[in-house]
1. Return the loop-located chymotrypsin sites (Phe, Trp or Tyr not before Pro) in the range 7-97 (DSSP other than H, G, I, E, B) with at most 14 other Cβ atoms within 10 Å of their own Cβ; answer none if there are none.
2. Hey, how many Å between the Cα centroid of the range 29-65 and the Cα centroid of the range 89-110?
3. Between Leu96 and Asn154, 0.36 nm times their residue separation minus their Cα-Cα distance comes to what?
4. Leaving out ligands and nucleic acids, note down the accessible area per residue over the chain with a 1.4 angstrom probe, in whole Å².
5. Once you have the Kirkwood Rh of the range 48-110 from its Cα pairs, apply Stokes-Einstein at 10 °C and 1.306 mPa s and quote D in µm²/s.
6. As I understand it, the dipole of the chain uses +1 on the Cβ of Lys and Arg and -1 on the Cβ of Asp and Glu, about the Cα centre. Which of Ala64, Leu10, Val92 lies farthest toward its positive end?
7. When Rg is the radius of gyration of the Cα atoms in the range 11-136 and Rh is its Kirkwood radius, what does Rg/Rh come to?
8. Would you mind telling me the share, in percent, of accessible area of the chain contributed by carbon and sulfur at probe 1.4 angstrom?
Amino acid sequence: MGAMIKFDPLANHLGHDTSSHIPPPGTGLFEAHPLLGEIWEQARGLLAVRDNDAHTLYSLSLAAALLTGESAADASVVLPAMMLHDIGWSSVDPALVLSAIAPGGGRPDLVLQHERQGSRLAAGILDSLGVDESLIQRVTEIIDGHDSRPHALNPEDEIVKDADKLWRLTPHGIDTIMDWFGLSREKALGLCASRVLGKLFTPQATAIARGLLAVEQANLFAQRRELLDRA
């Protein structure tokens, strides 16, 4: 499980209300794409394996960020594919999921199983929501092979693959992978960086990856750890 996120302040050191200077929020991702909320309600139970639910939401947001810089990709394909890409892990024994994705070995047969079953389950969910058959085919084609296929089929597949990998370098990704494999933060970061950098398709994803890596490297500075120890 990842670390807790602070949503409310612990203090107001300035002592004044500055909220009038904050611009109004833009339209949220789920408001701009209402289908995503409908998909989530059907998919969330299938994602409740090894923190895949939270992983999916972070990857979805990263995919949306990548879409802003990739005009060739179709958001109506990318976003449902991102939301549904890992529902197939629900078909794998939870006790075997980590052995399927562990570094230095793994179970490629289970990776293929989660892709095939994920594609099948995604088709059922999208069909139940009245999604056009041609769009369903484009989404499920991406899901079936999103981990095992080394090449990308199209710009939409590039973004799904890149956003999926980028999660590993987020604070939630590092926190989660530390506990998956019993690694220190430094070792988890080294593992994740080796599985992300040089393996991305889009320049936007590479830029995001380097930014996330820089933040985590700062967490490992001796000077930063000293500040945390004093807190």
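1. Here the sparse-neighbourhood loop sites are Phe7.
2. Measuring centre to centre over Cα atoms gives 21 Å.
3. 17.8 nm
4. 54 Å²
5. It comes out at roughly 121 µm²/s.
6. Leu10
7. A ratio of 1.10.
8. Roughly 56 percent, rounded to a whole number.
The values are calculated or read from the model by the stated rules, or taken from the named source; none is laboratory data. In this text, all values refer to a predicted model and were calculated from it rather than measured experimentally. Because the Cβ atoms are built from the backbone with ideal geometry, glycine has one as well, and the counts that use them run over all protein chains shown. Quick note on the areas: whole protein, heavy atoms, side chains included, nothing else; ligands and nucleic acids left out. Shrake-Rupley method; radii C 1.70, N 1.55, O 1.52, S 1.80 Å.
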